Amino acid sequence: MRRVAVIVAALGVLALMITGALDRVLLGVFVCAGLGLGWLNAQLTWKSVTHVIRSETASKQGLVLSTAVRLLATTVLAILVAFLARPNGIGIFFGLAVFQIVVVLHTVVPEWKGLRQTP
């Protein structure tokens, strides 16, 4: 997750530079907020899964409930920010989307390379 954090931070700086050049710095700030919210969600997911795995009474219901609460909170917060800070608030969704793309690529690319090397 450290590498993802570095990539996300670099993308946040890039977003601020691009939106600053376009005189839309607040949009860049909300993109960074979305990236940060995605990273926070990933960290909370990691802790939740680790807690369930280490628990003696691991239950799928607990994991499903914590995931649902986290997704609901993330969604409500993003919608609220986007609505209250129109039109620049929409950047939070761009940040969340970019974060998900980075995480998926960070996970899939090494696996794909491993599959290609297997005879």
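Just so it is clear, none of the values below were taken in a lab; they were calculated from the coordinates. Here the structure is a predicted model, which is why all the values come from computation and not from measurement. Reconstructed Cβ throughout: ideal geometry from the backbone, glycine too, with neighbour counts over all protein chains shown.
Numbers for the structure displayed
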| read-out | value |
| --- | --- |
| Between the stretch 79-119 and the stretch 21-37, the Cα center-to-center distance that results, in Å | 15 Å |
| 3J(HN,Hα) from dihedral phi, the stretch 59-69, Karplus parametrisation 6.51/-1.76/1.60, rounded to Hz, x for glycine, proline | 10, 5, 4, x, 5, 5, 5, 5, 5, 4, 5 |
| Förster radius 35 Å - calculated FRET efficiency between ILE18 and LEU44, Cβ distance, rounded to 0.05 | 0.75 |
| Positive-end residue of ALA21, HIS51, VAL104, charge dipole of the chain with Cβ unit charges | HIS51 |
| Nearest-20 debye value, the chain charge dipole, Cβ charges on Lys, Arg, Asp, Glu | 200 debye |
| Calculated FRET efficiency for the pair SER55/ILE101, C-beta based, R₀ 35 Å, to 0.05 | 0.65 |
| Rounded to 10°, Cα long-axis angle of helix 2-21 versus longest principal axis of the chain | 10 degrees |
| ³J(HN,Hα), Karplus 6.51/-1.76/1.60, whole Hz, each residue of the stretch 72-77, x for Gly, Pro | 5, 5, 4, 5, 4, 4 |
| Label assignment, mean projected area of the Cα convex hull in nm² derived from the structure, set (i) 10.2; (ii) 8.5; (iii) 9.5 | (iii) |
